[in-house]
Structure formats: C-alpha cells, structure tokens
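Engineer: Here's a structure for you.
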Amino acid sequence: DPVLHLDRIEKAYNRGLPNEIHVLRGASLTVARGEIVALVAPSGAGKSTLLHIAGLLDTPDAGRVLIGGEDMTGKPDRQRTRLRRDGVGFVYQFHHLLPEFSALENLVLPQLANGAPRTEAEARGQELLDSVGIAKRASHRPAALSGGEQQRVAVCRALANRPRLLLADEPTGNLDPETSDQVFAALTALVRDTGLSAVIATHNLDLAARMDRQLRLDQGVLRAL
Ligand code: ADP
Ligand code: ADP
C-alpha cells in the first residue's frame, strides 16, 4: 500500500457565504514508500490546506484520505489523533519550538508524550541532532540558535517519533538561499536514511528539482509540474 493516498479531495471555506472559497477541487495524490514529492504552487493556492488534510489535522468536504492503505475518512477523532501522532511528522516555515526548552529537550518531550523512556528519548534526540550536524547545539535554547539550526531542530522533532510520512510546509521559506540549501540537504538525507516518505511544499524550483517527483497545485487539482 502507498504511504499516503489522497483520492479526489474537495475542500471549501465559508461554504454558502458570499466569501466562499473552493480551495481543493478533486485533488488526488499517491506517495509511495521512500518517495519525496515536491509540491509547488503560489501562495494561497491551497498547499497548507492540502497538507493539513493529508496529516489528519483537517477533514475534507469530500474525497478519501488513506494512510498506509487505511481509509481515515469518517474515523473517530481519537483514532485520527493516534495515527497523526505515531505516523506523521510536520515541519512548518516557522520552527514552533518550545522557547524555554533546549534543542535536545524539544526532541525528548514528544517522545516522552508517546511513552518512550527518558534515556532512550535522549539518545535518539542526540543521534538526530548529530545526523543534521548540530550535536554541539543540544543544550541551547531555540533563541540561541541560527535560523538554519532552528529549522534543523524542527526537522529532527518531526522525526523524533519515527513517523512514516513527513509533511513540510515551506520548511526553508524563512531562510537565505545558502542556509536554505543546507537545511534542505540535511532534511532529504535524513528522510532517505530512514526510508521515510515526504511531501514538501516549496516555492523554490531548484529545491523542488532535487526531489523524486514535482507536482503543482493548480485550480484545486494536482498536476505534474
Ligand atoms: P497556501 O498554503 O497555498 O498559501 P492555504 O491552504 O493556506 O494556501 O489557503 C488557501 C486559500 O484558502 C487562501 O485563499 C486562504 O486565505 C483560504 N483559507 C485557508 N484557511 C482558511 C480558513 N480556515 N478559513 C477561510 N479561508 C481559509
Ligand atoms: P501558510 O503561510 O502556511 O499557508 P497561513 O498563514 O496561510 O499559513 O495560515 C495559517 C493558518 O490560518 C492556517 O491554519 C489556515 O487554515 C488559517 N487561515 C489562512 N487563511 C485564512 C483565512 N482567510 N481565514 C481564516 N483562517 C485562515
């Protein structure tokens, strides 16, 4: 089974109101195991909406979301939350790290919340920081890190609980081109090493070209770029 299958997803906001906006109009997407898919579209096209639906943070008006072959349509919230916590990692444009905790603790806390023992969680956190080249920053709070380092920690946090699917919404959108390149390289290396699948929304066509497949969101449907 594919890791993610979106089948003819429909989504409108403010339905029935004068400001109704029909964002997704039959968007379909299949992501195979180990595949990294680029999602390219202008701002406002619906990338965040699509990623939120794929990550079970939002529900479509119509269409089906299958994760690992399991149809999540109409599943109770409890089950959706569990699958989201265990199976999906998110990275956003802004890091959303907890400011009062160290980089390492930001990776440990989600693992503790998932039932991991502290020693194991710390070892895994340290290993993740090491794999993106910032092992020495483990004890620093987010504010003491550079923008590129903050995003690397955010990538590590997304992977802390060993998800099968990574969803990233402009993960390097706040960074200068060189830093953006480095963070992207670290992200894709980590995704490749763990055999994870990823959907990465980006405006950056050079970065998109380095992924396995490029899609654009156009008038509410996905097409090859
Ligand atoms: P993108 O991520 O491509 O910038 P979004 O998915 O954030 O696009 O938004 C797509 C469109 O839907 C935009 O016009 C946005 O303003 C609108 N939108 C997004 N979320 C909501 C919401 N909760 N309520 C109303 N409109 C929304
Ligand atoms: P991004 O830059 O990642 O696309 P946005 O700033 O568009 O994110 O949206 C941030 C949050 O606000 C999202 O959860 C989105 O659903 C919501 N949102 C976006 N546009 C609107 C809108 N016009 N009305 C209400 N909520 C919105």
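Engineer: Being open to solvent by 50 Å² or more (accessible area, probe 1.4 Å) and in a helix (DSSP H, G or I) is the filter; apply it to segment 82-92 and report the residue that is nearest to VAL199 (Cα to Cα).
Structural biologist: Step one: list which residues in segment 82-92 are open to solvent by 50 Å² or more (accessible area, probe 1.4 Å), which gives 82, 84-86, 92.
Now narrow it down to the ones that are in a helix (DSSP H, G or I): 82, 84-86.
Numbers: ARG82: 20, ARG84: 15, ARG85: 17, ASP86: 17 Å.
The selected residue is ARG84.
Engineer: Looking at segment 41-52, I want the residues that are over 14 Å from ILE21 (Cα atoms) and have a partner that is within 6 Å of ligand 1 (Cβ to nearest atom) and not aliphatic (A, V, I, L, M) with Cβ atoms under 8 Å, at least 6 apart or on another chain. Which pairs are those?
Structural biologist: Close Cβ pairs (under 8 Å, with a partner that is within 6 Å of ligand 1 (Cβ to nearest atom) and not aliphatic (A, V, I, L, M)) amount to ALA41/LYS47.
Matching residues to (1) touching a Gly at 6+ places or on another chain (Cβ under 8 Å); (2) farther than 22 Å from ALA158 by Cα:
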position	(1), (2)
ILE21	no, yes
GLY26	yes, yes
VAL31	no, no
LYS47	no, no
ALA62	no, yes
ILE67	yes, no
ASP86	no, no
PHE90	yes, no
GLN93	yes, no
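Engineer: Here's a follow-up. Count, please, the residues in segment 1-27 that happen to be surrounded by fewer than 14 Cβ atoms within 10 Å (Cβ to Cβ) and small (Gly, Ala, Ser).
Structural biologist: Selection size over segment 1-27: 1.
Engineer: To continue, here is another question. Could you tell me which numbered condition LEU66 fails, if it satisfies all but one of (1) open to solvent by 30 Å² or more (accessible area, probe 1.4 Å); (2) farther than 23 Å from ASN204 by Cα; (3) touching a strand residue (DSSP E or B) at 6+ places or on another chain (Cβ under 7 Å); (4) not acidic (Asp, Glu)?
Structural biologist: So LEU66 meets the others, but not (1).
Engineer: If you don't mind, there's one more thing I want to ask. Regarding ALA168, is this residue within 16 Å of ligand 1 (Cβ to nearest atom) and among the small types (Gly, Ala, Ser)? Before the answer, list the steps.
Structural biologist: On the way: within 16 Å of ligand 1 (Cβ to nearest atom): yes; among the small types (Gly, Ala, Ser): yes.
Criteria met by ALA168.
Engineer: Any idea how many residues of segment 9-59 are farther than 17 Å from MET72 by Cα, basic (Lys, Arg) and either part of a helix (DSSP H, G or I) or in contact with a helix residue (DSSP H, G or I) (Cβ under 6 Å, 6 or more places away or on another chain) (or both)?
Structural biologist: The number of residues fulfilling the criteria is 1.
Engineer: Just to be sure I understand the filter: pairs with C-beta atoms under 8 Å, separated by 6 or more residues or on different chains, first member in segment 192-213 and over 17 Å from VAL3 (Cα atoms), second member basic (Lys, Arg). Which pairs pass?
Structural biologist: From residues that are over 17 Å from VAL3 (Cα atoms), the pairs are ALA201/LYS47.
Engineer: Are any residues in segment 28-54 near ligand 2 (Cβ under 9 Å from one of its atoms), open to solvent by 20 Å² or more (accessible area, probe 1.4 Å) and touching a strand residue (DSSP E or B) at 6+ places or on another chain (Cβ under 8 Å), and if so, which ones?
Structural biologist: SER48
Engineer: Further, regarding this structure: Is it fair to say LEU57 is closer than 18 Å to PRO163 by Cβ and open to solvent by 70 Å² or more (accessible area, probe 1.4 Å)?
Structural biologist: yes
Engineer: Moving on to the next point. Going through segment 55-103 one residue at a time, which ones are more than 16 Å from ligand 2 (Cβ to nearest atom) and basic (Lys, Arg)?
Structural biologist: ARG64, LYS75, ARG78, ARG80, ARG82, ARG85
Engineer: Okay, moving on. Name the residue that is modelled with the lowest pLDDT, counting only residues in segment 129-138 that are part of a helix (DSSP H, G or I) and open to solvent by 30 Å² or more (accessible area, probe 1.4 Å). Lay out the reasoning, then the answer.
Structural biologist: Taking segment 129-138 first, the residues part of a helix (DSSP H, G or I) are 129-131, 135-137.
Within this subset, residues satisfying the condition of being open to solvent by 30 Å² or more (accessible area, probe 1.4 Å) are 130-131, 135-137.
On the way: ASP130: 96, SER131: 93, ALA135: 96, LYS136: 97, ARG137: 97.
So the residue we want is SER131.
Engineer: To continue, here is another question. If I ask for residues that are of a type outside the set (Asp, Glu), more than 16 Å from the chain's Cα centre (by Cα) and not in a loop (DSSP other than H, G, I, E, B), which ones from segment 181-212 would you list? Let's see the steps before the verdict.
Structural biologist: From segment 181-212, those of a type outside the set (Asp, Glu) are 182-192, 194-205, 207-211; that's our starting set.
Keeping just the survivors that are more than 16 Å from the chain's Cα centre (by Cα) gives 182, 204-205, 209-210.
GLN182, LEU205, ALA209 - these are the residues of segment 181-212 that are of a type outside the set (Asp, Glu), more than 16 Å from the chain's Cα centre (by Cα) and not in a loop (DSSP other than H, G, I, E, B).
Engineer: Do we have ALA160 as under 24 Å from ILE67 (Cα atoms) and in contact with a Pro (Cβ under 8 Å, 6 or more places away or on another chain) here?
Structural biologist: Values: under 24 Å from ILE67 (Cα atoms): yes; in contact with a Pro (Cβ under 8 Å, 6 or more places away or on another chain): yes.
Answer is yes for this residue.
Listed here are the residues, each with its yes/no results for (1) outside any loop (DSSP other than H, G, I, E, B); (2) modelled with pLDDT under 95.
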| position | (1), (2) |
| --- | --- |
| HIS95 | no, yes |
| PRO99 | no, no |
| LEU104 | yes, no |
| VAL108 | yes, no |
| GLN111 | yes, no |
| ALA121 | yes, no |
| GLU127 | yes, no |
| HIS140 | no, no |
| VAL155 | yes, no |
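The values are calculated or read from the model by the stated rules, or taken from the named source; none is laboratory data. Remember, it's a predicted structure, so these values are computed and weren't measured experimentally. For neighbour counting, all protein chains shown are included, and Cβ atoms are generated from backbone atoms with ideal geometry for every residue, glycine included. Only protein heavy atoms, including side chains, enter the accessible area calculation; ligands, DNA and RNA are left aside. Shrake-Rupley method; radii C 1.70, N 1.55, O 1.52, S 1.80 Å.
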